[in-house]
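Written below as structure tokens is the structure these notes are about.
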Amino acid sequence: MTPSILQPLFQQWREEGLSFCVTSENYNRSDLLGKSDSTSAGGGGIFSYPFAHLIESSGYWQESNHYNEEPPTFLTKDLIERIALHLMKHIKPKVIYLQVTTKCNYLCPMCPFHGSGYEGKYFKDNPSLKPQNMPLDEAKRYVDKIVDYGASVVAMSPEAEFFVYPYWEEISRYIKSKGLRISATTNGSLVNEEAIAKLKDIGFDELIFSIDSVNQETYAKVRSPKEKDYQTAISAPILAAKAGIRTQVHFVQQKPNLGEKEEVFSYYKNANIHSITFGIELHTEADREQTLMPIERKQYIHGLCGAYNNLVILIDGNLVSCCGFANRYKYIKSKLDAFSLREHSIAEVLSYQHSLLANKDKDVMGLCCNCDLYQIAFEAQKEISVQKNYVIIKKAISEYHLRIPKELESIPDNLLSWMYQNNIITRMKQDKIL
């Protein structure tokens, strides 16, 4: 049966007199995204829409108008974009990032915000985001707006180190008092035993640690040369997991740590960390954001970027609907100032920004078409396997190792792989079976 969410779109196409034939077998196929053989990148042109859960359906379906031939193998770029942008109007993100500080205690060379390799250029270009702390009362007002919008998770504090924020305990408790979950990405250097005890008392839900090496010599090159930082940081994920906090380690591949991924993965799997993920370094230059490592780039199709709807409330009160917009903020700021979160609700700001995207605003398209976040976040076919109590999900340029829930550890690996491939585990979690 045709997904109900798509039926109004197909009816609109008929009213326009458009010739089309969309089926359950071609709605997610494009000849622009891979060769026709099933072994190629993209699985013979198969892809997933960023909001694929909205169009899940069982059985064959077909919708057509003024079309008397066999259904096409692939959809045209225009039809795919119209489906993607239609779905975008119905998505409601559950996670919203809140930037309560733009300060950091590290100078990681690859960081476009604080990195020594960028010489402070980001804050010179974007003075409204200069290193500063958001007043606590203001942070609480934005949390209230998140509650009003209906999101369920607040993620702290992008493009900075959350634990340098002087009110991190107070804002964390306020978020929890509102019935929200709270997550934070951190370098781990300030997450010692005392901090872990406070986090446990608060009921902190998730910590994501940026650990790009467990080798001190390499760590000094990619993160911090201080031995205390190194010792505290690599131990922090293990302490957090023992305290019952959901814990993720994220490894970014760079030239100095080439070949160290498996060492990091093994180190933290032995400690039963919940998830370990792998990505590659991005470099921001003017309005472009590209990987430094060579990758196979797929043609840009508007609306298919999985990075869109990663909502970030910036410290100056603007909301960006993609983290890539924050990285190249000066090229989009004037458009965001016209409809700021300071004066509007999250729903109103999102409606405005979605209209910019749907109407292919020149400034928005200039950023989206020059961004490798599309290549990284693009949901193409993935390879799934199970190994030693972890499910491993590999894509072209990213990798995820997720701890299998204890309730499922006795299930044979081939059955577990099938369950993950068909999103059975996700549905079990949504239905609170797990």
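The values are calculated or read from the model by the stated rules, or taken from the named source; none is laboratory data. Everything numeric here is computed off the predicted structure, so don't read it as measured data. Cβ placement follows ideal geometry from the backbone for every residue including glycine, while neighbour counts extend to all protein chains displayed. Surface areas here come from the heavy atoms of the whole protein model, side chains and all, with no ligands, DNA or RNA. Shrake-Rupley method; radii C 1.70, N 1.55, O 1.52, S 1.80 Å.
Where does the charge balance sit around Phe20 when Lys and Arg score +1, Asp and Glu -1, over other residues with C-beta under 12 Å from its C-beta?
Once all neighbours under 12 Å are counted, the net charge is -2.
Quick one: of Lys178/Lys242; Lys298/Lys382; Lys130/Lys178; Lys198/Lys269; Lys92/Lys335, which pairs are farther than 20 Å apart, Cα to Cα?
Pairs exceeding the cut-off: Lys178/Lys242; Lys130/Lys178; Lys198/Lys269; Lys92/Lys335.
As a test of the formula, what do you get for the chain when each DSSP H run with n ≥ 4 contributes -39,500 (n - 2.57) and the sum is divided by the residue count, at 222 nm and rounded to the nearest 500 deg cm²/dmol?
Calculated from helices alone, the mean residue ellipticity at 222 nm is -9500 deg cm²/dmol.
Using a 4.7 Å cut-off between beta carbons, which cysteines in the chain end up with no partner cysteine at all?
Taking the Cβ cut-off of 4.7 Å, the unpaired cysteines of the chain are Cys21, Cys104, Cys305, Cys322, Cys323, Cys368, Cys369, Cys371.
Work the Kirkwood hydrodynamic radius out for the chain: mean of 1/r over every pair of different alpha-carbon atoms, inverted, in Å.
23.2 Å
Under the rule a/c < 1.5 gives rounded, and otherwise a/b versus b/c splits prolate from oblate, where does the range 109-177 land using the Cα gyration tensor?
prolate
Quick one: work out Rg over Rh on the C-alpha atoms of the range 220-279, Rh as Kirkwood radius.
Reported Rg/Rh, Kirkwood definition of Rh: 0.96.
Nearest 5 is fine: what % of DSSP beta bridges in the chain come out antiparallel, could you say? Could you put the intermediate results ahead of the total?
Values: 27 of 54 bridges.
Of the beta bridges lying entirely in the chain, close to 50 percent run antiparallel.
Keeping every protein chain present and rolling a 1.4 Å probe, give me the accessible area per residue for the range 232-283 in Å².
Dividing the accessible area of the range 232-283 by its residue count gives 40 Å².
What is the diffusion coefficient of the range 80-128 in µm²/s, taking the Kirkwood radius over Cα pairs and the Stokes-Einstein relation at 20 °C with a viscosity of 1.002 mPa s?
D, rounded to a whole number, is 153 µm²/s.
To the nearest 10 Å², what's Trp168's accessible area with a 1.4 Å probe?
Its accessible surface works out to 30 Å², give or take rounding.
Taking the Cβ of Ile273 as the center, what net charge do the other residues with Cβ under 11 Å away carry, scoring Lys and Arg +1 and Asp and Glu -1?
Net local charge, Ile273 excluded: +4.
Please report Rg over Rh for the range 77-228, where both radii come from the alpha carbon positions and Rh follows the Kirkwood definition. All intermediate terms of the calculation are to be shown ahead of the outcome.
Working: Rg = 17.9 Å, Rh = 17.3 Å.
With Rg and the Kirkwood Rh in hand, the quotient comes to 1.03.
In whole Å, how far is the Cα centre of the range 127-184 from that of the range 290-359?
When both Cα centres are located, 19 Å separates them.
Work out how far the C-alpha atoms of the range 186-303 reach from end to end along every principal axis, then list the three figures in whole Å, largest first.
Ordered largest first, the range 186-303 gives principal extents of 47, 37, 28 Å.
Excluding Val164 itself, calculate the net charge of residues whose Cβ lies under 14 Å from the Cβ of Val164, where each Lys or Arg counts +1 and each Asp or Glu counts -1.
Once positives and negatives cancel, what remains is -3.
Could you work out the per residue convex hull volume over the alpha carbons of the range 143-241, in cubic angstrom?
Values: hull volume 9.6 nm³, N = 99.
Cα-based convex hull of the range 143-241, divided per residue, equals 97 Å³.
How would Leu54, Leu373 line up by accessible area, probe 1.4 Å, largest first?
Leu54, Leu373
With a ≥ b ≥ c taken as the square roots of the eigenvalues of the C-alpha gyration tensor of the range 243-344, please select rounded if a/c is under 1.5 and otherwise prolate if a/b is larger than b/c or oblate if it is not?
oblate
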